[in-house]
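Read through the structure below, which is laid out as structure tokens, and then see the notes.
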Amino acid sequence: MIDRIWRVPAPAGTLRRLLGSATAALVAVAAAGPATAAAVTREYWVGATPTTWNIVPNGVDAILGTRYGNETILPTVTYRRYTRGWKKLLRNAPARNVDSDRIPGPLLHARVGDRIVVHFKNFDTRFNRAHSMHFHGVSYKPSSDGAYLPGFSGRDAEVKPGQTWTYKLRAGPQSAGFWPYHDHSTSMHESLAGGMYGGLSIRGRRERAPDREFVVVLAPTGDLQTINGHAFVGNTPVFSARVGDLVQWDVMAIGSEHHTFHVHGHRWLEHGVPRDTQTVGPAESFRFRWREDATGTWFYHCHVEQHMERGMIGIYRVTR
Amino acid sequence: MIDRIWRVPAPAGTLRRLLGSATAALVAVAAAGPATAAAVTREYWVGATPTTWNIVPNGVDAILGTRYGNETILPTVTYRRYTRGWKKLLRNAPARNVDSDRIPGPLLHARVGDRIVVHFKNFDTRFNRAHSMHFHGVSYKPSSDGAYLPGFSGRDAEVKPGQTWTYKLRAGPQSAGFWPYHDHSTSMHESLAGGMYGGLSIRGRRERAPDREFVVVLAPTGDLQTINGHAFVGNTPVFSARVGDLVQWDVMAIGSEHHTFHVHGHRWLEHGVPRDTQTVGPAESFRFRWREDATGTWFYHCHVEQHMERGMIGIYRVTR
Amino acid sequence: MIDRIWRVPAPAGTLRRLLGSATAALVAVAAAGPATAAAVTREYWVGATPTTWNIVPNGVDAILGTRYGNETILPTVTYRRYTRGWKKLLRNAPARNVDSDRIPGPLLHARVGDRIVVHFKNFDTRFNRAHSMHFHGVSYKPSSDGAYLPGFSGRDAEVKPGQTWTYKLRAGPQSAGFWPYHDHSTSMHESLAGGMYGGLSIRGRRERAPDREFVVVLAPTGDLQTINGHAFVGNTPVFSARVGDLVQWDVMAIGSEHHTFHVHGHRWLEHGVPRDTQTVGPAESFRFRWREDATGTWFYHCHVEQHMERGMIGIYRVTR
């Protein structure tokens with residue numbers, strides 16, 4: 001878990017050593033998903049759960065040297081993964097993005113043709129706010145929309161503390177891709193500022209799982225610009241792959257700003273045209289894949305300069 | 001006409017009832033355009049005409065409950081449709097978007113291969129400013145460009161109050177799509193802030209007309225974020241369709257900000273890739289179609305959070 | 001050289017005469033590149049060289065009439081082209097964009113399959129800062145990445161005044177297109193604000209050279225919005241072509257803002273869909289081509305209104 005490793009302020013000189021150990025752990029992670037091709041119903045148990053989040057756990061911007069203290073600690077509510085019946089709290093990304101624990105929420109996987117059932121419970125005793133889940137990219141009836149519309153919407157859009165709601169979704173032929181989900185209740189704006197969002201990763205019927213899947217959510221948190229809720233190299237996720245891996249990046253943005261996502265030393269295809277920098281605005285999302293062939297310690301970052309300076313930058317390590 | 005229906009402040013509890021009656025009227029609208037396939041010359045008579053516009057006619061943000069008063073009333077000049085020779089003022093959208101009366105200007109239809117002749121008269125006795133029309137997406141000679149360039153441009157770019165100009169345009173093979181037009185005279189910036197823009201909808205030579213065509217212009221008006229000049233649910237257009245309809249959305253933006261246009265419960269294809277949220281920057285535009293199959297009362301909105309909060313959200317109703 | 005011609009403030013009335021002479025010079029420029037098809041190694045010699053740059057050399061916004069004085073003069077460091085061994089300073093665009101002399105840096109040409117070797121020397125005795133070059137769109141080892149990462153990056157990312165570094169790049173199958181390069185050292189943000197960026201233009205293996213190639217870099221400079229470091233018509237580049245020319249536009253942005261690039265009276269294809277306005281965010285880039293057929297004096301500009309008002313607008317002249 002990266003934010004443990006990094007909790008001690010890291011002077012620039014020790015960054016290499018610390019990253020070294022962090023990466024070794026990540027490389028051991030198995031990333032392949034289930035290989036079943038038959039349409040299934042996938043059930044997820046999600047809670048809106050109070051937590052205390054540190055945007056800069058290691059307390060330093062390693063590039064500019066700026067130090068951060070308690071002002072980066074945020075009491076908030078995020079989406080958490082649970083076992084059936086919300087009996088036991090799970091890590092959001094147990095076998096994949098181990099560094100993405102509470103922000104974003106759990107990555108929900110499905111295939112085109114599947115039904116997805118998301119059991120949601122509001123555990124928000126901290127702010128005592130109603131919450132909801134609104135899903136992009138999938139089909140559903142209005143009662144699973146989760147968006148507050150006075151006079152029209154129902155309990156799906158205002159799940160009060162202690163209450164539950166079950167969202168019933170279907171991944172149709174136009175659902176293949178990576179999509180956001182987020183709170184769309186009356187407390188939407190406070191919730192999104194606090195990290196209450198996540199992603200749906202939907203594969204084509206016969207599309208193979210990637211060897212590595214990296215979720216990148218670009219959003220402001222507090223007054224910093226964050227990737228998965230963290231700011232600055234050493235706090236943001238360290239993604240890792242080996243040469244030969246089929247790597248998939250799932251990129252989305254939340255908030256009020258447009259970003260340009262860039263990865264160093266690599267390119268991907270957008271509609272057949274090579275790219276290494278791509279605009280992503282609020283609630284937009286895209287995914288791309290490549291077969292890894294470039295060893296090195298690379299940056300990935302938002303290329304909007306003021307965002308990069310305010311923390312929207314991370315490290316991608318490729319080894320043999 | 002929606003802004004009449006909504007002129008009385010609508011407490012959240014009565015939103016359903018009011019929308020119910022508004023929608024019934026909209027469903028009765030016939031939307032199919034002319035079915036001719038031969039290239040023709042299409043003549044339009046447009047005036048720049050003073051008007052008083054209320055950005056929030058019902059005086060309330062139904063979602064957050066905020067009340068608005070006379071500060072949302074704007075004396076302005078907009079594009080209006082006239083009969084031949086500017087004899088009689090017409091509704092901008094007589095048989096289509098009945099709720100889009102003065103902002104945006106008239107939706108100009110053509111097919112690839114057509115000539116489009118726009119007779120423009122400046123009736124601006126309110127501010128006594130020169131105005132013009134500049135068209136995207138079509139071919140024309142510099143004398144129909146309508147953009148002020150000192151030492152080069154002519155009367156097309158500075159049509160003074162009381163004067164007229166005729167813009168001669170051609171819809172070529174690369175003109176199929178939805179495109180903006182707007183003032184590009186010396187008063188461009190004040191005019192655009194006041195709603196002086198509209199759209200050109202150009203079909204392919206053999207492309208059928210949609211059953212429903214919805215024009216969405218995202219732009220700031222006053223200090224609110226508006227759709228077709230209106231802010232907040234109940235003031236912004238209520239678009240309606242029935243299951244089975246071929247629905248077309250024409251989306252553009254004007255001003256200085258980028259937006260992300262989102263429709264709930266639906267997806268479209270952009271270059272063959274499914275989307276439910278798409279960036280649109282100033283003077284960009286796109287159109288998309290779907291065969292309607294999802295009954296419900298849905299939101300469409302800009303997903304930039306600060307824009308959604310400031311009014312850039314509306315309702316789309318689908319019935320059997 | 002446009003900025004010489006325009007150094008005398010130009011009252012709006014004389015704009016036509018001045019543009020006339022400027023254009024005549026531009027039309028004489030030969031634009032075709034080398035026609036070799038075999039993969040080669042292309043060597044460039046580039047320096048980071050102090051210069052004094054005037055954002056508004058003619059001292060006037062010809063459209064609004066606002067006058068500018070010494071506040072638009074900027075001491076800065078830019079990328080300059082040199083002969084082998086940095087023996088002699090060259091113009092950045094000797095036979096192509098004669099009006100783009102120091103901002104952007106030299107346009108680096110290559111073909112898919114080529115190796116590109118960029119010899120870089122830091123001549124920055126003005127600010128005494130380290131600098132670097134980071135290239136988009138091409139393949140390279142981490143030692144040619146040029147991005148400062150404490151504990152990982154080497155001399156490629158911190159070329160100190162008086163020092164040199166050689167960047168070794170390869171144009172692979174996914175490198176065809178137009179791409180940015182820029183400083184990515186610790187002084188990146190000051191350098192980019194001062195114009196330290198340029199473009200790579202990479203043609204497909206068998207792709208013919210255009211007859212005209214126009215580089216457009218949208219970026220803030222000082223408190224103005226600039227194209228190739230200049231603001232306002234008469235200062236920004238005057239691009240010229242003749243009917244029948246194969247014209248290529250290379251468009252990129254640098255900084256923290258998104259733009260929408262628009263050309264009057266013309267359209268291009270983006271993924272097969274006609275466009276005349278296209279979003280470009282920081283470090284994004286695209287190129288498009290057309291066979292010229294529309295005589296006239298046209299605007300090209302960013303359609304973000306506040307950018308257009310602050311100078312991001314220029315002239316494109318097409319003659320028979």
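Between a first residue in the range C:65-87 that is assigned to a strand (DSSP E or B) and a second residue that is open to solvent by 50 Å² or more (accessible area, probe 1.4 Å) and among the polar types (S, T, N, Q), which pairs have beta carbons less than 7 Å apart while being 6 or more apart in sequence or on different chains?
C:Ile73/C:Thr52; C:Pro75/C:Thr52
Considering only the range B:168-184, state which residues are more than 11 Å from chain C (Cβ to nearest Cβ) and within 13 Å of B:Ala48 (Cβ to Cβ).
B:Tyr181, B:Asp183 - these are the residues of the range B:168-184 that are more than 11 Å from chain C (Cβ to nearest Cβ) and within 13 Å of B:Ala48 (Cβ to Cβ).
Restricting to the range B:119-150, name every residue that is more than 10 Å from chain C (Cβ to nearest Cβ) and over 30 Å from B:Arg203 (Cα atoms).
Scanning the range B:119-150 gives B:Phe123, B:Asp124, B:Thr125, B:Arg126, B:Phe127, B:Asn128, B:Arg129, B:Ala130.
So, C:Gly65, is that one open to solvent by 50 Å² or more (accessible area, probe 1.4 Å), over 23 Å from the mean Cα position of the chain (by Cα) and modelled with pLDDT under 95 or not?
Here the answer is no, as C:Gly65 does not meet what is asked.
Out of B:Val46, B:Val29, B:Val56, report the one residue that is part of a loop (DSSP other than H, G, I, E, B), at pLDDT 95 or above and either in contact with a helix residue (DSSP H, G or I) (Cβ under 9 Å, 6 or more places away or on another chain) or not polar (S, T, N, Q) (or both).
Residue meeting the stated conditions: B:Val56.
Across the range C:243-259, what is the total count of residues that are more than 22 Å from B:Ser144 (Cβ to Cβ) and more than 9 Å from chain A (Cβ to nearest Cβ)?
Selection size over the range C:243-259: 9.
So C:Ala253 clears everything in (1) at pLDDT 95 or above; (2) among the aliphatic types (A, V, I, L, M); (3) surrounded by fewer than 23 Cβ atoms within 10 Å (Cβ to Cβ) except one condition, right? Which one?
That leaves (3) as the condition not met.
When the range B:116-131 is examined, which residues are found to be among the polar types (S, T, N, Q) and open to solvent by less than 40 Å² (accessible area, probe 1.4 Å)?
The answer is B:Asn122, and nothing else.
Here's a check for you: in the range C:226-244, which residue that is touching a residue at least 60 places away in the same chain (Cβ under 8 Å) and open to solvent by 10 Å² or more (accessible area, probe 1.4 Å) is nearest to the chain's Cα centre (by Cα)?
The extreme case among them is C:Arg242.
Can C:Leu89 be described as modelled with pLDDT under 95 and either open to solvent by less than 30 Å² (accessible area, probe 1.4 Å) or within 14 Å of chain B (Cβ to nearest Cβ) (or both)?
In short, no.
Looking for whichever is among the polar types (S, T, N, Q) and in contact with a helix residue (DSSP H, G or I) (Cβ under 8 Å, 6 or more places away or on another chain) here; the options are B:Ser201, B:Ser185. Which one fits?
Of the residues listed, the single one that is among the polar types (S, T, N, Q) and in contact with a helix residue (DSSP H, G or I) (Cβ under 8 Å, 6 or more places away or on another chain) is B:Ser185.
Scan the range C:156-176 residue by residue and report those that are part of a strand (DSSP E or B) and open to solvent by 10 Å² or more (accessible area, probe 1.4 Å).
Answer for the range C:156-176, where residues must be part of a strand (DSSP E or B) and open to solvent by 10 Å² or more (accessible area, probe 1.4 Å): C:Thr164, C:Trp165, C:Thr166, C:Lys168, C:Arg170.
Only residues that are over 24 Å from B:Glu305 (Cα atoms) and assigned to a strand (DSSP E or B): list them for the range A:177-205, please.
A:Ile202, A:Arg203
Residue check: is B:Phe214 more than 21 Å from B:Ala283 (Cβ to Cβ), more than 11 Å from every other protein chain (Cβ to nearest Cβ) and among the aromatic types (Phe, Trp, Tyr)?
Judged against the criteria, B:Phe214 is not a match.
Identify all residues within the range C:266-320 that are within 8 Å of chain B (Cβ to nearest Cβ), acidic (Asp, Glu) and open to solvent by 40 Å² or more (accessible area, probe 1.4 Å); write none if there are none.
C:Glu309, the sole residue that qualifies.
Which of the residues spanning the range B:116-148 are more than 20 Å from the chain's Cα centre (by Cα) and under 26 Å from C:Glu270 (Cβ atoms)?
Those that are more than 20 Å from the chain's Cα centre (by Cα) and under 26 Å from C:Glu270 (Cβ atoms): B:Ser139, B:Tyr140, B:Lys141, B:Pro142, B:Ser144, B:Asp145, B:Ala147.
Please go through the range A:151-164 and pick out each residue that is out of contact with any His (no Cβ under 8 Å at 6 or more places or on another chain), away from chain B (no Cβ under 13 Å) and under 28 Å from A:Arg111 (Cα atoms).
A:Arg155
Restrict the check to the range C:132-152 and report whether at least one residue is outside any strand (DSSP E or B), at pLDDT below 95, open to solvent by less than 10 Å² (accessible area, probe 1.4 Å) and over 23 Å from A:Asp293 (Cα atoms).
Scanning the range C:132-152 turns up at least one residue that is outside any strand (DSSP E or B), at pLDDT below 95, open to solvent by less than 10 Å² (accessible area, probe 1.4 Å) and over 23 Å from A:Asp293 (Cα atoms).
State all residues of the range C:191-210 that are open to solvent by 10 Å² or more (accessible area, probe 1.4 Å) and either more than 12 Å from every other protein chain (Cβ to nearest Cβ) or of a type in the set (A, V, I, L, M) (or both); if no residue qualifies, say none.
C:Ala193, C:Arg203, C:Arg205, C:Arg206, C:Glu207, C:Arg208, C:Ala209
The values are calculated or read from the model by the stated rules, or taken from the named source; none is laboratory data. Fair warning: this is a prediction, and the values are worked out from it, not measured in the lab. Positions of Cβ are backbone-derived with ideal geometry, glycine not excepted, and every protein chain shown enters the neighbour counts. We work out accessible area using only protein heavy atoms, side chains counted, and drop any ligands, DNA or RNA first. Shrake-Rupley method; radii C 1.70, N 1.55, O 1.52, S 1.80 Å.
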